[in-house]
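Only one structure is covered here, and it is reproduced in the block below.
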Amino acid sequence: MSNPADPDLVKVTEVFLIPSSFIVAALGTADTNPHRACVSLVGLVISVLWWACSREALAERGPPAAGSPLSRRVRVMSWLPVFFSAVWVVSLAVHVALWDRPLGH
């Protein structure tokens, strides 16, 4: 039985998914590549924090019962921050590479 003060994977996902969604929207409205690179860096930092908190919540959840793997929902929630981190790394690299170019060229 877990302590009510322990972080729950669902709660951790909710806490980080909402700001991550806003940052994706901010990336779409950024008007220069340096601005997009900065937004991508913020997104990467938040995703790495999300990843660390998710790992902690998953570890505090305890091992699954013998013979019963983690549910699909838990697996998806535990891999979301990894996916977001990878995408933010790509976005950051692309916008740093295009730093001096105007958008649309």
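Just so it is clear, none of the values below were taken in a lab; they were calculated from the coordinates. Just so it is clear, the model here is predicted, and its values are computed rather than measured. Cβ atoms come from the backbone with ideal geometry, glycine included; neighbour counts cover every protein chain shown.
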Original post:
Out of curiosity, is ALA52 under 17 Å from ASP8 (Cβ atoms), assigned to a helix (DSSP H, G or I) and not aromatic (Phe, Trp, Tyr)?
Top reply: yes
Subject >> Residue pairs meeting the criteria (Cβ under 8 Å; at least 6 apart or on separate chains; first in a loop (DSSP other than H, G, I, E, B), in segment 69-89; second surrounded by 15 or more Cβ atoms within 10 Å (Cβ to Cβ)) >> reply: LEU70/SER78
Original post:
Which residue pairs have Cβ atoms under 8 Å apart, sit 6 or more places apart or on different chains, and have a first residue in segment 17-43 that is without any contact (Cβ under 8 Å) to a residue 12 or more places away in the chain and a second that is in a helix (DSSP H, G or I) and of a type in the set (Lys, Arg)?
Top reply: ALA30/ARG36
Original post:
How many residues does segment 8-24 contain that are within 13 Å of TRP88 (Cα to Cα) and aliphatic (A, V, I, L, M)?
Top reply: 2
Subject >> Those residues of segment 22-49 which are not in a helix (DSSP H, G or I) and not small (Gly, Ala, Ser), in sequence order >> reply: ASP31, THR32
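Residue-wise test of (1) surrounded by 13 or more Cβ atoms within 10 Å (Cβ to Cβ); (2) over 11 Å from the mean Cα position of the chain (by Cα).
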residue: LEU9; (1), (2): yes, yes
residue: GLY28; (1), (2): no, yes
residue: ILE46; (1), (2): yes, no
residue: GLU56; (1), (2): yes, yes
residue: ALA59; (1), (2): no, yes
residue: GLY62; (1), (2): no, yes
